[in-house]
Ligand code: AKB
């Protein structure tokens, strides 16, 4: 019987992944935790506790007490926020991962999931169809922390046989919980503003293409990787996965098909330089070969669902 701990269950990925994991493993076997309060459905559908991943002592007690067999560590400071407070972001992103890796090794937790990001790539990386193995010279503190984290994951796997699995997520688009402090966040904000105000001011230039993915694909990828046969996995740093590629202009053109008067204006800020250091599209052939990964949602399908669901959510909030 698996007993799963989700750290960061109130966040953009965690709030959806917790519910998906509860569907697979049973509500009472998935322990959701965060330093902040979680959405109602996360709290109602199973156990939830406030827990700080930096609090090693409480963490180890928790893992022993509930006989945890798998940990999903989703707490992180994203790219934009990390540039505002570089050393704090480095400390939080690295210490949380090292706490978990070492605790898992000591206590004997069977499997760990840790998210990496396209932020591990940098200006020297080929931008189109970025390969799994390539130059990785990130120039953001978030990217540096993700790259270092990948090396630590592989190290713990090789040195201690700890079964750590990881994905380099592209920008994730979802309607349930908003992202916070990332460079790809525009692709979520735009839907709320389109539905509420009919216009959006974008912090990236119109032709800034980035790899993106609709959340249901990202959740499915995560669970599929965690359930994949250990012998099939050739990557123990982090897997490239690919979904959709578009720029702000292409996304706004797609939105205009359903919101005719929608207007977008552009006021690039410091996140433009971050976006320009990242790839435009990702080659995920290794993930496809190793564990049969394949994305499902395209720009049109994702936009239709995002508009419908953000509309319902904003209506409910009135
Ligand atoms: C961010 O923009 O920082 C994240 C990411 C791509 O990892 N969404």
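For this structure, a couple of remarks:
- Degrees separating the helix 215-227 axis from the principal Cα axis of the chain, which is the longest one: 20 degrees
- For q = 0.09 Å⁻¹, Debye-computed log10 I/I(0) when each Cα of the chain counts as one equal scatterer: -0.44
- Residues residue 124 and residue 234, FRET efficiency given R0 of 25 Å [Cβ-Cβ distance, rounded to 0.05]: 0.55
- For region 21-87: Kirkwood Rh in Å [reciprocal of mean 1/r, alpha carbons]: 13.6 Å
- In terms of its alpha-carbon gyration tensor, region 49-89 comes out prolate; a/c meets the 1.5 threshold, and the first ratio a/b outweighs b/c.
- Helical contribution to [θ] at 222 nm, DSSP H n ≥ 4, -39,500 (n - 2.57), averaged over the chain, rounded to 500: -13500 deg cm²/dmol
- Rg to Rh, two decimals, where region 64-153 supplies the alpha carbon set and Rh follows Kirkwood: 1.03
- Within region 98-249, the proportion of C-alpha pairs whose separation exceeds 21 Å stands at 50%.
- A compact globular protein would have a Cα radius of gyration near 2.2 N^0.38 Å; the ratio found for region 206-318 is 1.28.
- According to the Cα-based calculation, Rg over Rh for region 250-298 is 1.14, with Rh computed by the Kirkwood formula.
- Nearest-ten-degree value, helix 299-317 long axis tilted from longest Cα axis of the chain: 90 degrees
- Stokes-Einstein D for region 109-166, Kirkwood Rh over Cα pairs, 20 °C, 1.002 mPa s (µm²/s): 176 µm²/s
- Paramagnetic reach from residue 28 in region 34-58 [backbone N under 12 Å; point 7 Å along Cα→Cβ]: 46-47
- Helix 14-25 and the longest principal axis of the Cα set of the chain meet at an angle near 50°.
- Share of Cα-Cα pairs in region 1-137 lying beyond 20 Å, as whole percent: 50 percent
Laboratory data are not the source of any read-out in this text; all were calculated from the coordinates shown. Every value quoted in this text rests on a predicted model; they were computed, and no experiment measured them. Every residue, glycine among them, receives a Cβ derived from its backbone with ideal geometry; neighbour counts consider all protein chains shown.
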